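Right, one structure below, let's go through it.
FYI, it's all coordinate maths here, none of it is from the lab. Model, not experiment: these values are computed from the prediction. Heads up, the Cβs are rebuilt from the backbone with ideal geometry, glycines too, and the neighbour counts pull from every protein chain shown.
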Amino acid sequence: MNREKALRIVREKLTERRYIHTIGVMETSIVLAKKYGVDENKAELAAIFHDYAKFRDKEEMRNIILDQNMPQDLLTHHDELWHAPVGAYLVEKEVGITDKEVLEAIKCHTSGKINMTTLDKVLYVADYIEPGRDFPGVEEVRESAESSLDIALIQAMKNTISYLLKRNQPVYPDTFHAYNDMTMKVKGRKLS
Ligand SMILES: Nc1ncnc2c1ncn2[C@@H]1O[C@H](COP(=O)(O)OP(=O)(O)O)[C@@H](O)[C@H]1O
Ligand SMILES: [Fe+2]
């Protein structure tokens, strides 16, 4: 699917602000894909549709999680998490995207997961550092992403985990699994 058609489809599902965020994630994903040897078309498509279900009705998403046998523990965690796995399901069903790597990247773009592919990492980091983001710590991740996608990913996950801990919120375990997996894999390299 070409960029124009994909953007036209997703624009109808998003607020203007979230659409602008999506453009930022798309442009950042392409830069990171070029830098880290990922298929640019896949990175572009995953970025364009990553928040496809962001504003979907929560009851509908709950039913999809139940009916599609997605991990049921999602239902006991913050519903902010739901748009990623449900989005992957709906992008396949409603938009007709069948590329498994693109769908997987959308599915794990919020929590991360163990054994993330480079495409998964590109989308997760691009979602975190796109130019419209201005939360504390984002600059450090942007700098890291210049030289190491893995270090940038670990820092983004650390920031997200501490953000949630500070607010006494539960942390969906996949992010812990992803953080542990990545930290062990880059052991011995400087982690700022
Ligand atoms: N492991 C987790 N447990 C609970 N909430 C999480 C977890 N990981 C991310 N979140 C929250 O999910 C929300 C949406 O994250 P994300 O989809 O990555 O960004 P956005 O929707 O803002 O583009 C954020 O508020 C983040 O704090
Ligand atoms: Fe998102």
(message) Here is a list: A47, A53, A126. Which entry is within 12 Å of ligand 1 (Cβ to nearest atom), buried (at least 18 other Cβ atoms within 10 Å of the Cβ), under 21 Å from N180 (Cα atoms) and in contact (Cβ under 8 Å) with a residue 40 or more places away in the chain?
(response) A126
(request) Quick one: count up the residues across region 57-75 that are closer than 15 Å to D174 by Cβ and either buried (at least 17 other Cβ atoms within 10 Å of the Cβ) or without any contact (Cβ under 8 Å) to a residue 60 or more places away in the chain (or both). (result) 6
(message) On the basis of being more than 19 Å from L32 (Cβ to Cβ) and surrounded by 12 or more Cβ atoms within 10 Å (Cβ to Cβ), does S148 make the cut?
(response) no
(message) Residues to consider are Y172, Y163; find the one that is within 23 Å of D51 (Cα to Cα), within 16 Å of the chain's Cα centre (by Cα) and within 14 Å of ligand 1 (Cβ to nearest atom).
(response) Y172
(request) Hey, can you tell me all the residues within region 4-26 that are within 12 Å of ligand 2 (Cβ to nearest atom), closer than 12 Å to P131 by Cβ and among the hydrophobic types (A, V, I, L, M, F, W, C)? (result) V25
(message) Here is a check on your reading of the model: is K34 over 18 Å from D120 (Cβ atoms), more than 15 Å from ligand 2 (Cβ to nearest atom) and without any contact (Cβ under 8 Å) to a residue 60 or more places away in the chain?
(response) no
(message) Can you go through E94, E101, E80 and tell me which one is in contact with a helix residue (DSSP H, G or I) (Cβ under 6 Å, 6 or more places away or on another chain), in a helix (DSSP H, G or I) and not β-branched (V, I, T)?
(response) E101
(request) Write out, first by first residue and then by second, each pair whose Cβ atoms fall under 9 Å of each other, whose residues are 6+ apart or on separate chains, and whose first residue, in region 81-96, is in contact (Cβ under 8 Å) with a residue 24 or more places away in the chain while the second is among the polar types (S, T, N, Q) and not in a helix (DSSP H, G or I). (result) L81/T110; L81/S111; W82/T110; H83/T110; A84/T110; A84/S111; V86/Q68; Y89/Q68
